[in-house]
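Have a look at the structure below, then the notes.
The values are calculated or read from the model by the stated rules, or taken from the named source; none is laboratory data. Fair warning: this is a prediction, and the values are worked out from it, not measured in the lab. For neighbour counting, all protein chains shown are included, and Cβ atoms are generated from backbone atoms with ideal geometry for every residue, glycine included.
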Amino acid sequence: MLFCTQKKCVFFQNVNTLQHIQANLKAGQTTLTNIVEQYLVRIEETQDLNVYVEVFAAEARQRAAELDRKLAETPNQIGRLFGVVLSIKDVLCYKGHKVTAASKILEGFESLYTATAVERLLAEDAIIIGRTNCDQFAMGSTNENSVYGPTLNAADPTKVPGGSSGGSAVSVQADTCLLSLGSDTGGSVRQPAAFCGLVGLKPTYGRISRYGLLAYASSFDQIGIFGKSVEDVALLLEIMAGEDKMDSTSSRKAVEAYAIHTDYTKKAKIAYFDTAINHTSIDPDIRQQTLAFIDRLKADGHRVEAVDFPYLDYIIPAYYVLTTAEASSNLSRYDGIRYGYRHPEAGTLQETYEKSRSEGFSKEVKRRIMLGTFVLSAGYYDAYYAKAQKVRRLIQDKTKEILSEYDFILMPTSPSPAFDLGEKTKDPVAMYLADIYTVQANMTGIPAINLPLGTHKSGLPIGIQLMANMFEEADLLAFSKYIEQLNRQQV
Amino acid sequence: MLRHSAYFTALIETKIFRRTFTFYSFHVPKSVNFALRLIYSLLHFARLMKYETVIGLEVHVQLNTKSKAFCGDAAAYGAAPNTHISAISMAHPGTLPRVNERAIEYAVRLGLALGCDITRDTRFDRKNYFYADSPKGFQTTQDSHPICVGGKLDIEVGGEQKTIRLHHIHLEEDAGKSIHDINPKHSLIDLNRAGVPLLEIVTEPDLRSGEEAYVFITELRKLVRYLDISDGNMQEGSIRCDCNISIRPKGETKLGTRCEIKNVNSMRNAKRAIEYEAKRQIKVIEKGGTIDQETRSFDAQVGHTNNVLRSKENAHDYRYFPEPDLSPVLLTDEYIDTVQKNMPKLPNEIKQELQLVYGLSDYDANVLLEDKDMVFFYKEITQHTKNYKAAANWLTNVIKSYLNENNLSIDQFALSPKTIANLIGMVDDNKLSNAAASQKVFPELVKQPDTSPLELAGQLNLLQDSDAGSIEALVDRIIAKFPDKVKAYRNGKKGLLGMFMGEVMKASGGKVNPKVANQLLREKLDNKT
C-alpha cells in the first residue's frame, strides 16, 4: 500500500514514468483505482495552487475501476496508455464536459464533441482527471489572465507558473497527474515547462490535429505535451499525431514510433544565435548556465556553433501582429447569440454584441482583439499585416537555411526564470517581449521542446530549448532523451 | 414653339411640372397640348438617350451539393429550422472547416464551361463581419486566389450576339437566415442555410441594359442547370444577384460612380432595379448633382431602389485575410481533365443532338432547351415512341401551356413520359384523334394520372373505331339514306363529300377513324359511277 500524505510524495518520486506505472499495474502491485485516488489526494492537497478549473473525480474513479477490470479480464486488450492519468487545458473540447478558455464568455458552455487528440488518448485507455487553469483564450505568459484567478508555481507560490498553459504545467509539476495537454501558440507550453522544471513539447504545426482546440491564432496553434520524462511525452505524441479529416491543416505525413526510437548515438550539429545568448533582456545566470551547457555538449563531442540570425528583434512584433489579426477573427464567434455568456440586459443585436463581449472577455483578450482588428483594417493592412507576413516568410526561410546545415537550434526557453505574481500584468509589452525565444518555432512551424536545465540561483527551475526541422520529432525526442540522461549524470 | 419648349425644359427640372402642365393646358388648344406632350416625351427620351448605363453583376448561385461547403451537414432546402446544423455549422469553439470536394468540382465544371482559367492553387479568405446569422463572425470566401479567373458568356439580345466577359468566379458559403416577422419582440435565426456552398460569378462591366442583365442571368441559370451544379430555383433563393450600376454620357470611356443594388432575387427584378436605378442616376446628374457610391436595396413592391449604406461615411471594412484553417486546394491537370471528361452535355451540344438525331426544327429545339428538365422529359418520351416530332409538339404546346397555366414546372408534372408516349401511340394507331387526345383525354388524365390513357379514353367514349368492316356498314347506311345527294355527288358535286363525312361522324358519335371513313366513302361514292 502506498501512502501519499506529504507534499513530496514518495510514490510519485520513485515511479514517475509510465513504464514503471504499467509494470507495477501488470505485476498487481497497485491498481489504477489506487493511482487515481492518490492523484485525487494530491489535487486536494495542492488546491491553493489553483491548478484545476474542474476535477472529474467521480468519472475518473469509474473509468479507473472499469480499466482495472479490463486488465483483469482481458489483459491483452489494454491500451498503450493504460495507466496514464492526465489533465487537459481548459481550451480542449471533451464531449459532455465544460470548456471555457478561462473566460466568462463561455460561462457554462459544454462541448458537444471531443477533440481529436483527446479522443485518440481515450481510445488508448488514458484517464482524464480534470481540466486545468490557463490564460484566457491562451493569451498570456503568466496564467494571471484567467477568470478563475492565477495558478501558482509549485516551486514557489509567490511566482507565476508561466503561461498560457500554466495550470497544465503545475498539474504535472505538483504530481496531480502524470501528463498534461496544453496548447502552444508562441511558447505557451515550453515557457511554463521551463518555469516549472518540466519537459514541454510543441510538435510541428500540423502534426497533431487542432480539431477541438479552441483557436487563438490558427496558423500558430498546436497542442503541446507536459511530462516529467521525454519518453512519456514521446508516447503521447505518437498516439495523438497523424492526419485528421476534421482538420485540413493536419499533416498526412506518416507518424514515426517516437516512443521507441529514442536512442541518439550520433554526434549532433547544433546552432545557437549569439544575438539570443547575448540579448539585453537575458538573465545573467540563465546566460551563464546556457553557455556552460553548450560547453558540456561540445565536451561530449557535438558540434555547437554560433550562427547569424539577424531577425531576432523582429520576431515579437511580427508575431503579435499576425496572431492578434487571426485572434480578432477567431474570437468573433463568441457573440452571445448561440451559446455562452449573453448580457442579461442586452436588448438589440448591437447591445448583445457590445455588452456580452465587453463583459465576457478579459482586458488582455480585448486588447488583442482590438489590435488584430486594427492591423487588418483598410489603410493599415499593408503597413502591418502584410508586412508582418513578409517578416514571417523571411524568418521561415532563414530558419530553414540554418536547419539544412544543423540538426538542432539551441536557445534558452525564457530570458528569465518565473516572474513574481503581478510583475508583468501592468506592462503587456514587457510580457510580450518575454516570448522572444519561443515564438520562432511557431512562426516557422518547426517542433521545439523545453528540457529542464537546472536550478537558477534564485532556486527556481530553468530550461533549455531545442528546435528541429519540420517533422523531425523523432530526432528531436531522441536527442532530448540523451540530454535528459546527460543531466541525470551531472546530478 | 421654341419659346415653349425652352419653357418646358425649365419646368422639367421642377417637381411641379405636372400641375403646371395641367394648368397650362387650360389656356392652349388641344392640338398644342398634344404637341407639347410630344415634345416633352421626345426631350425625356433624348435625355435618357444621352447616357449609357454600365452594369456589372455579381451572381450568387447556390450549389446543389448534398452537404455544406465546409462541413458534412445537409445542404438541402426546406427542412424545419435549425435541423441541418452541427457543432461546425453553429461555429462551436474548436471546430474547423474542411472543403467539400464536390463544391470544388462544381466550380471547376462551371469554370470550364465558361472558358475560365482554373486556378491551380486556389485559396480561401475570411470576410469579417458581425451578424446574427453569420455564426463564425466571418464568411469563408475567396478573395486573392479565386478558383476561376476570366471566361465569358455569350448572350443574344434583340437578335444580336454579345459577349459578356467574366472577371472571376469564387466559391464561398451562404449565411443563415434572419427572420424578423414571426415574433414581434425577437428576431429568429435559422442556420440551415449557413454554410451552403455558393459560387459567385462576377462579370466585367460589359452589360448595358436591364434587358441584357435579364438575358445574362437567364442564360447563366440555364447553364448551371445543364451542368447539374444548381437547381437554379429563384423562389428558393438558389440564384441571387448584386447589380453594380453607373451611368456615363455616351462616348465617354471612363466609368461613372457606381451604386450597388444588393440581393436582387429574380431576373425580372434585376431588370426592373437596373432600369429604375439608371433613371434615378440620370435624374441626379441632369439636375447637376453627383452620384454617391452607395449600397442600395430594391423594393420589388414599388419598384424603387433605396439607399441602405453610404460608403464614405459608414463603409463596411471586411478585413479580408487568408483563412488559416484551410490549406490551399491544389488542382492538378489530371484532376481538371477528369472534370472535363465527366461534364454533362451543354445546351449547344444537346441542340445539335435534338436537330440531328431527333430531326427537330431550330424552333422546337430552342423551346425545349429553355428548360433542362424539359429536354430530359423529351428524351424519356422518345424512349417509348419513335414519333419524335409528335413528342416535341406535345411538350412545346400541350404540356407547356398546361404547366404555364397552372404555374408548375416539368418536374411537378403528374404524368410520366411513358404516359405521354402512350397517348402519342394511340393517335398514331388511329385509336384516338389528335384533337381528342390533347383536348379531352389529356385534361382528364392530369386529374387522374394513375388511370391508363386507353381506359380513360374508353370511359370518355372517345376511342375511334378503325375496324373497316363496321365503318363500312355505317357508310353504307348513310349512302342509302341520301340517294339524292349521292346522285348529285356522282354528277360532279364533289363538295358533298364533306356532308357525307359529317353524317358518318355524327352517326358514330365521332368515334370512327376519319381517315378510314373518308376512304371508304370515297370508294363507295366513286365506284358506283
Any residue at all in the range A:351-371 that is among the small types (G, A, S), within 14 Å of chain B (Cβ to nearest Cβ), closer than 30 Å to A:H279 by Cα and over 24 Å from the mean Cα position of the chain (by Cα)?
-> no
A:E305: of a type in the set (D, E), within 14 Å of chain B (Cβ to nearest Cβ) and touching a residue at least 24 places away in the same chain (Cβ under 8 Å), yes or no?
-> no
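One line per residue, one yes/no per condition, for (1) acidic (D, E); (2) in contact with a Pro (Cβ under 7 Å, 6 or more places away or on another chain):
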position	(1), (2)
B:T419	no, yes
B:A437	no, no
B:E444	yes, no
B:D450	yes, no
Tell me which residues, restricted to the range A:326-338, are at the interface with chain B (Cβ under 7 Å from one of its Cβ atoms) and not aliphatic (A, V, I, L, M).
-> A:E326, A:S329, A:S332, A:R333, A:D335, A:R338
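Can you name the residue in the range A:387-418 that is within 14 Å of chain B (Cβ to nearest Cβ) and exposed (fewer than 14 other Cβ atoms within 10 Å of the Cβ) and, of all such residues, is farthest from the chain's Cα centre (by Cα)? Full working, then the answer.
So the first thing to find is which residues in the range A:387-418 are within 14 Å of chain B (Cβ to nearest Cβ), and the list is A:387-390, A:392-393.
So of that shortlist, the ones also exposed (fewer than 14 other Cβ atoms within 10 Å of the Cβ) come out as A:390, A:393.
Numbers: A:K390: 27, A:R393: 24 Å.
It comes out as A:K390.
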Filter result for the condition that a residue is in contact with a strand residue (DSSP E or B) (Cβ under 9 Å, 6 or more places away or on another chain), within 14 Å of another protein chain (Cβ to nearest Cβ) and in a helix (DSSP H, G or I), over B:A107, B:A103, B:A132, B:A69 | B:A103
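Can you name every residue in the range A:181-222 that is within 14 Å of chain B (Cβ to nearest Cβ), over 21 Å from A:I316 (Cα atoms) and crowded, with 24+ Cβ neighbours inside 10 Å?
Across the range A:181-222, the qualifying residues are A:L181, A:I208, A:S209, A:R210, A:Y211, A:G212, A:L213, A:L214.
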With the first residue restricted to the range B:411-424 and required to be of a type in the set (K, R), and the second required to be surrounded by fewer than 19 Cβ atoms within 10 Å (Cβ to Cβ) and not in a helix (DSSP H, G or I), Cβ contacts under 6 Å at 6 or more apart or on different chains are B:K418/B:H384
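Just give me the residues in the range A:83-120 being among the hydrophobic types (A, V, I, L, M, F, W, C) and surrounded by fewer than 22 Cβ atoms within 10 Å (Cβ to Cβ), in sequence order. Before you say what the answer is, go through the steps one by one.
We begin by selecting, within the range A:83-120, every residue among the hydrophobic types (A, V, I, L, M, F, W, C); these are A:84-86, A:88, A:91-93, A:99, A:101-102, A:105-106, A:109, A:112, A:115, A:117-118.
Once the filter is applied, which keeps residues that are among the hydrophobic types (A, V, I, L, M, F, W, C) and surrounded by fewer than 22 Cβ atoms within 10 Å (Cβ to Cβ), the range A:83-120 yields A:F109, A:L112.
Yes/no matrix, rows are residues, columns are (1) loosely packed, with under 14 Cβ neighbours inside 10 Å; (2) over 17 Å from B:L227 (Cα atoms):
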position: B:E294; (1), (2): no, yes
position: B:Y320; (1), (2): no, yes
position: B:L326; (1), (2): no, yes
position: B:D337; (1), (2): yes, no
position: B:N342; (1), (2): yes, no
position: B:P347; (1), (2): no, no
position: B:S361; (1), (2): yes, yes
Could we say that B:A365 is more than 14 Å from chain A (Cβ to nearest Cβ), of a type outside the set (S, T, Y), assigned to a helix (DSSP H, G or I) and touching a Gly at 6+ places or on another chain (Cβ under 8 Å) here?
-> no
Starting from residues that are of a type outside the set (S, T, Y) and in contact with a Pro (Cβ under 9 Å, 6 or more places away or on another chain), keep the ones in the range B:93-124 and report whichever is surrounded by the fewest Cβ atoms within 10 Å (Cβ to Cβ).
-> B:D121
Yes/no for B:I189 being under 21 Å from B:T83 (Cβ atoms), surrounded by fewer than 17 Cβ atoms within 10 Å (Cβ to Cβ), assigned by TED's automatic domain parsing to the domain that holds B:R98 and more than 25 Å from the chain's Cα centre (by Cα) | no
Residue among A:E144, A:E119, A:E124 that is out of contact with any strand residue (DSSP E or B) (no Cβ under 8 Å at 6 or more places or on another chain), under 25 Å from A:A241 (Cβ atoms) and away from every other protein chain (no Cβ under 14 Å) | A:E124
Test: B:V357 is over 30 Å from A:T249 (Cβ atoms), outside the structural domain of B:L223 (by TED's automatic domain parsing) and surrounded by fewer than 15 Cβ atoms within 10 Å (Cβ to Cβ) | yes
Among A:A234, A:A241, which is the only one that is touching a residue at least 12 places away in the same chain (Cβ under 8 Å), surrounded by 24 or more Cβ atoms within 10 Å (Cβ to Cβ) and under 23 Å from A:I483 (Cα atoms)?
-> A:A234
